[in-house]
Amino acid sequence: MPTDHPKREFLEAAGTLHPHPERVRALLFQRHRFFDALDEVQVKYEMLRAHAVEGQTVVAVSETFGFSRQTFYTVLQAFEEFGILGLADEKRGRQGPVKLTAEDVAWIGSRTREEPGLSGRALAEQLFERRGVAVHRRTIERLLDRARKKNT
């Protein structure tokens, strides 16, 4: 694909241009125009799919799709945590610090008093579902740690 092609420019601007498309040796990417080795998100997704659906080993898919085994596991974890957005290399989530409102902090406090065993992840999911506020589980865990230290 030419270096000035619109799709290439879009992928580059989006941070999803595969830096090493020549490493992708999967037949899908060689035989079908639908599959584009320049699209790193697509390559990562197909790597995970080949492992999960086709039952190919981690070693085999890592080699075929041009990634290390460590990268495979990192990609898998990101996909499990963030879905398809986790396959982009850019930093996920909000940029900069997250500020919870006093109402959000109070809501988190009341939920932890109601169910003390709730994890940071569960609280983050509930906060998003019930209040529309998206924060990382670590934000809530740090908030709870500070509250515990303050109360001891």
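Identification of helices (runs of 4 or more DSSP H) wholly contained in region 8-70 with 3 or more residues that are in the same structural domain as residue 83 (by TED's automatic domain parsing) and either among the hydroxyl-bearing types (Ser, Thr, Tyr) or more than 19 Å from the chain's Cα centre (by Cα) (or both) yields 27-31, 58-65.
State all residues of region 1-25 that are touching a Ser or Thr at 6+ places or on another chain (Cβ under 7 Å) and surrounded by 19 or more Cβ atoms within 10 Å (Cβ to Cβ); if no residue qualifies, say none. Lay out the reasoning, then the answer.
Step one: filter region 1-25 for residues touching a Ser or Thr at 6+ places or on another chain (Cβ under 7 Å), giving 25.
Scanning region 1-25 gives no hits.
Out of 129, 114, 125, 80, one residue alone is in the same structural domain as residue 38 (by TED's automatic domain parsing) and modelled with pLDDT of 90 or more. It is 80. Evaluating residue 113 against the criteria (1) of a type in the set (Lys, Arg); (2) assigned to a helix (DSSP H, G or I); (3) surrounded by 10 or more Cβ atoms within 10 Å (Cβ to Cβ) leaves one unmet condition, (3).
Taking region 120-145 as the range and being touching a helix residue (DSSP H, G or I) at 6+ places or on another chain (Cβ under 7 Å) and not in a helix (DSSP H, G or I) as the test, the residues that pass are 133, 134, 135, 136.
The values are calculated or read from the model by the stated rules, or taken from the named source; none is laboratory data. This one's a predicted model, so the numbers in the text were calculated from it and none came from an experiment. Here Cβ is always computed from backbone atoms with ideal geometry, including for glycine, and neighbour counts include all displayed protein chains.
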